[in-house]
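For reference, the structure discussed in these notes is given below.
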Amino acid sequence: MDERGRRIGENETVFREVNERLRELGEGFSLVSEIAEFVCECATLTCTERIQMPLSDYEHIRSHGSWFCIISGHEEPDYERVIEQKESYAIVEKLPGGPAGIAIKDDPRS
């Protein structure tokens, strides 16, 4: 894997971890509703855009270690492919041989 792919995988893994903590905090304080707000899990470390989605969609994404939720247009076609397009966000899957290995290895739910 090249340096750019490694960085992308690490960045997106950090954002996924942030979203897992947001979900846990919401549950701990009984703030969980059917719709929740998460941070974009794109490769750009400085991205702070928010994504609102049903918790069922978030859980669907988290059921796959190589899937991430991003703002539409934030995908990196060299390292991931859009597998599902929603109104305000996309679900991407890491391509084999690149950041997918980092994403799967560092999946907090595995």
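The numbers here are math on the coordinates, done by the rules we state, and not lab data. This structure is a prediction, so every number in the text was calculated from the model and none was measured. Cβ coordinates were reconstructed from backbone atoms using ideal geometry, including for glycine residues, and neighbour counts include every protein chain displayed.
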Filtered GluC sites (Glu not before Pro), region 45-90: DSSP coil and at most 14 other beta carbons within 10 Å: E49, E87
Karplus (6.51, -1.76, 1.60) ³J(HN,Hα), θ = phi - 60°, over region 42-59, in Hz, Gly and Pro reported as x: 6, 6, 7, 4, 8, 5, 10, 5, 10, 10, 9, 7, x, 4, 5, 5, 4, 5
Residues whose placed amide H lies under 5 Å from that of L95, excluding near-sequence neighbours: E80, R81, A100
